Amino acid sequence: MGQQRWARRWRTKGLCFVAFILGLSACASLSDPSEPAHGSDPEGVAVSPVEDGDWPIHGRDFYEQRYSPLEQIGEGNVADLGLAWSFDLGTMRGVQSTPIVVGGVFYVTGPWSLVYALDARTGKELWRFDPEVPKQHARYACCTVSNRGVAVDGGRAFVGTLDGRLIGLDVADGSVIWETLTVDPEQPYTITGAPRVVEGLVVIGNGGAEYGVRGYVSAYHVDSGELAWRTFTVPGDPSKPFESPAMEYAASTWNGQWWKYGGGGTVWDAMAYDPELDLLYVGSGNGSPHARWARSPGGGDNLYLSSILALRPATGELVWYFQTTPADTWDYTATQHILLADLEVDGRVRKVVMQAPKNGFFFVLDRETGEFISGAPYVKVTWAEGLDAEGRPIESPHGDYRHQSRMIHPSQMGGHNWHPMSFHPGTGLVYVPALDISTPMGFDPDWTFQPGRFNLAIDFEEFAEGGGEAEGFLLAWDPIQQREVWRIAHRAPWSGGTLATGGNLVFQGSSDGRLVAYRASDGNKLWESPAGTGVMAGPVTYALDGVQYVSVAAGWGGSFPMGMGEVAARARVRGGGRVLTFRLGGTAEVPPGLPWPAPPPAPVFQLEASEADVAAGSSLYHAECGLCHGAAVIGGGSLPDLRYASTAVHERFQQIVHAGEREALGMPGFSDRLSLDQIRQIQAYVLSAANAAAAGQKSD
Ligand code: CA
C-alpha cells in the first residue's frame, strides 16, 4: 500500500494538508483537519485584482476564465465592429500568443520568442526584444517555434525562450534586467508557454516529451532571476536520491528504465493560481516515449504524467494530484487550459478546477482537495468506455494498439489542445475550441532510444497513412450538467481560443481565417471579419479612454497546420502573423492574406531514383520532415510546401538539408541524422509527390 505509506511519511514530516485516498491513481486528497479549510486570510485576498479595462494575466484574472465584464461591445452593436489597427508580426510561423495589456501598453510575442510592446490605442511599436534563439533549436520544437505570451508584473515583462531561457525585461524599453537558463542545454527542452507571476516568483515549465526529457516546473525570484524551487513531474533514476516524497511515491508506479528516456510529463502550457487557497495548478504532459509498452514495460500508472498538479507556490510541494490519463499511451497531455470557477453543484457552491484535456473527457474537480466531482466525454472517445466513480477512465480494447494498429479517437492532437477555453459566468457555459480527429496508431516494438530525436515508439508508416475523421468546432459546454448546449462546426479543425464578454458574446478566430463573434447564450453568429490568415490564439479585450477593444494575434502554423497535410490544407489559409485590434466604428482595412496557390507545375528538375528509393524516401520523410512540411508532402499553408520547390532549391537540396545552408531562415541542417544518400531518397520522394500533384493525383 505504497500510497498509504507515502502519505503517512509526508504527514510525519509535517507537510500535512494532504492524505491520499487509498488505491486510486486518479487520486484526490483530503485537507488535514488541523489546517484551516481556506488560506489564512481569505477576506484579505483579492481573487481578481483586475481593472476592468486591463488584460494583465494570461487568462485575464487569477481564475484564468478569459471572461471580461466589458460590455460596450455587445450583442446589439457588435455588427459595427471594425478594425482599429493591425500590426505585422513578419512571420509565416504559427502565432499562439495571448497579449497582455497593462497601462495602455500591449505586449505580444511572436515565433522565435520575440516580444513586442505596442501602444494599445494605435498599435504603434514602442520596442521589440529578440532573444536571438539559435535557429537550430527548431529541431527540438515538436510543434513549431511558437510562443504563447509574456507575464507582466512590477515593471517587468517575463518571457520564456524556445531554447529554455527565462528573461526579465524592463517594460520601459525592453532591455534585459536578468536572464537565466532554465534547462540543461544538452537536452532537447523547449519553452513555448507563458510564465505566470505568483507571490514574487515567476513560474515556467517547458516542453520536449516527444524527444525524451524529464518534465518539471520551476520558480524564479522576480527581482533576481534566482531559482526558488523546481518540482519534477516524473521520477528520475531510482538509484539516486529522490527529490521529494512525491517523487519516491511516483517511482512505485513506474518500472523498467524509464529515466533513460526522460519519462516526459512536461509542463508546457496551463497554469493557474488561486490566491485564496494558495495553490498553484499546473498541467503535465504525455509520457516519453508515447507507447507505454516501451516506456514502462511492466505496467503502472506512471505518475504524474497527464495530471493536474496542485502545488504550494512558495515551495513547489505537491499538495494533490489528479491523473486524467493513467499510463498514458496516446499523447494525452493534461497541459490544456486549467480554468477555475465557483460552481453550484447539487445545491452547494464548489470551488472547482475545470479542464478539457486531450483525452476527450471534460473534468470538474474540487480545487481544494482534487476530489473528482464530475466528468463526461466532450468529443468522440474510443480509447475508453467512460469514467469510474473516481474519475479514472475505463480503458477500452479499442485503445490498445500494442499488437494491432487502431484508429484512435481523439488523436494525438486531442479533443482539445492548447487553444484556451473561456467561461461566461452569466451563461454558466465553457466555450471549448474542440476537435474530433482520429488517427491510426501502431506500436513500434523495435524502437530504441535515440538522443535528441523524436522518441515515440510509434510506427510512423501508420501515422503517414492518415485517414479517419478530422473536424473542428466551437463547443458550448455546461460543466454542471456535463453536456453540450450548442456547437458551431468549422470548415477545418484547429480554430482558435475563445473569449467571453459581458456583452453576451463569445469571440473565436477560425482556422479558415476569420474572427467571429457569437451570442454567448445560443451561438448565433453576430459578426465576423476576415483575418487574412488562420487564427489559433485566444482573443483578448481591453478598454482605454472609454473605448473597448477586441484583439487577437493571428497567424497560421504549428503542429496541425504543418504536419497534417491535406486536412490542414482544407483551411485554405497561409501563414502571415499579425495582430488585429477592433473597436466599434473602426475603419481600418484588414491586410489581405497570401492567396492559396494553384496546383504545382511538374518539376523540371530530374533525379535518377528507383521505386525503392522513393519508398525509402517516404519513410525517411515522414520520420524527419513531415512534421513541418506536411504529411504526404502536402503543405498546410505555413512552412514551404515542397511540391512547389523551385529548380534552384532542388539543385541545392543536399546543401540545404545536409549542411543547413538555410538555417538562418529556420531550416536546420540534418547532417547528424541523415546521410547524403538518404537525403537523395527523400528528394526522390518529394519529386514524386510533386509530379503526382501536377498530374492531379494524390501523392500517396
Ligand atoms: Ca505531446
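The values are calculated or read from the model by the stated rules, or taken from the named source; none is laboratory data. Just so we're clear, the structure is a prediction, and the values are computed from it rather than from any experiment. Cβ: placed from backbone, ideal geometry, glycine included. Neighbour counts: every protein chain shown.
A few notes on this one:
- Residue match in the stretch 527-540 (condition: in a strand (DSSP E or B) and within 24 Å of the chain's Cα centre (by Cα)): yes
- Filtering VAL198, VAL234, VAL202 for residues that are hydrophobic (A, V, I, L, M, F, W, C), within 16 Å of the ligand (Cβ to nearest atom) and over 17 Å from the mean Cα position of the chain (by Cα) leaves a single hit, VAL234.
- Residue among VAL115, VAL108, VAL101, VAL95 that alone is part of a loop (DSSP other than H, G, I, E, B) and either at negative phi or of a type outside the set (Gly, Ala, Ser) (or both): VAL95
- Within the stretch 217-227, considering residues that are in a strand (DSSP E or B) and among the hydroxyl-bearing types (Ser, Thr, Tyr), the one farthest from the ligand (Cβ to nearest atom): TYR220
- Any chance ASP677 is surrounded by fewer than 17 Cβ atoms within 10 Å (Cβ to Cβ) and in a helix (DSSP H, G or I): yes
- Filter result (touching a strand residue (DSSP E or B) at 6+ places or on another chain (Cβ under 7 Å) and either of a type in the set (Lys, Arg) or not assigned by TED's automatic domain parsing to the domain that holds PRO313 (or both)) within the stretch 212-271: ARG214, ARG230
- Residues located in the stretch 579-636, provided they are surrounded by 21 or more Cβ atoms within 10 Å (Cβ to Cβ) and on the phi > 0 side of the Ramachandran plot: GLY630, ALA632, VAL633
- Scan of the stretch 267-284 for residues that are of a type in the set (Ser, Thr, Tyr) and away from the ligand (no atom under 16 Å from the Cβ), ordered by number: TYR273, TYR281
- Filter result for the condition that a residue is within 16 Å of the ligand (Cβ to nearest atom) and basic (Lys, Arg), over ARG165, ARG214: ARG214
- Scanning the stretch 119-139 for residues that are part of a strand (DSSP E or B) and of a type in the set (A, V, I, L, M, F, W, C) gives LEU126, TRP127, PHE129.
- Residues located in the stretch 140-162, provided they are away from the ligand (no atom under 16 Å from the Cβ) and charged (D, E, K, R): ASP153, ARG156
- Only listed residue being under 16 Å from GLY205 (Cα atoms) and hydrophobic (A, V, I, L, M, F, W, C), chosen from TRP268, TRP293, TRP259: TRP268
- One residue from GLY442, GLY497, GLY452, GLY502 being of a type outside the set (Val, Ile, Thr) and within 20 Å of GLY532 (Cα to Cα): GLY497
- Of all the criteria given as (1) under 19 Å from TYR216 (Cβ atoms); (2) crowded, with 24+ Cβ neighbours inside 10 Å; (3) more than 21 Å from the chain's Cα centre (by Cα), the one not satisfied by ARG312 is (2).
- Conditions (1) in a loop (DSSP other than H, G, I, E, B); (2) closer than 16 Å to GLY205 by Cα; (3) basic (Lys, Arg): number failed by ARG230: (1)
- Search result, residues across the stretch 351-385 that are assigned to a loop (DSSP other than H, G, I, E, B), under 24 Å from LEU435 (Cα atoms) and hydroxyl-bearing (Ser, Thr, Tyr): TYR378, THR382
- Residue, nearest to the chain's Cα centre (by Cα), within the stretch 169-195, restricted to residues that are among the hydroxyl-bearing types (Ser, Thr, Tyr) and within 16 Å of the ligand (Cβ to nearest atom): THR192
- Whichever residue in the stretch 326-343 is in a loop (DSSP other than H, G, I, E, B) and among the acidic types (Asp, Glu) and, among such residues, is farthest from the ligand (Cβ to nearest atom): ASP328
- Test: residue in the stretch 387-410 that is in contact with a helix residue (DSSP H, G or I) (Cβ under 6 Å, 6 or more places away or on another chain), assigned by TED's automatic domain parsing to the domain that holds LEU305 and within 16 Å of the ligand (Cβ to nearest atom): no
- Test result for VAL432, within 24 Å of the chain's Cα centre (by Cα), touching a residue at least 40 places away in the same chain (Cβ under 8 Å) and assigned to a strand (DSSP E or B): yes
- Residues of the stretch 379-409 that are free of Cβ contacts under 8 Å to residues at least 24 places away in the same chain, out of contact with any Phe, Trp or Tyr (no Cβ under 8 Å at 6 or more places or on another chain) and under 14 Å from ASP328 (Cα atoms): ILE394, ASP400.
- Top-ranked residue in the stretch 195-250 [being out of contact with any Pro (no Cβ under 9 Å at 6 or more places or on another chain) and among the β-branched types (Val, Ile, Thr); ranked as farthest from ASP184 (Cα to Cα)]: VAL197
- Residue in the stretch 285-302 that is of a type in the set (A, V, I, L, M), farther than 18 Å from ARG214 by Cα and either within 16 Å of the ligand (Cβ to nearest atom) or touching a Gly at 6+ places or on another chain (Cβ under 9 Å) (or both) present: no
- Unique match (being at positive phi and modelled with pLDDT under 95) among GLY565, GLY523, GLY513, GLY576: GLY565
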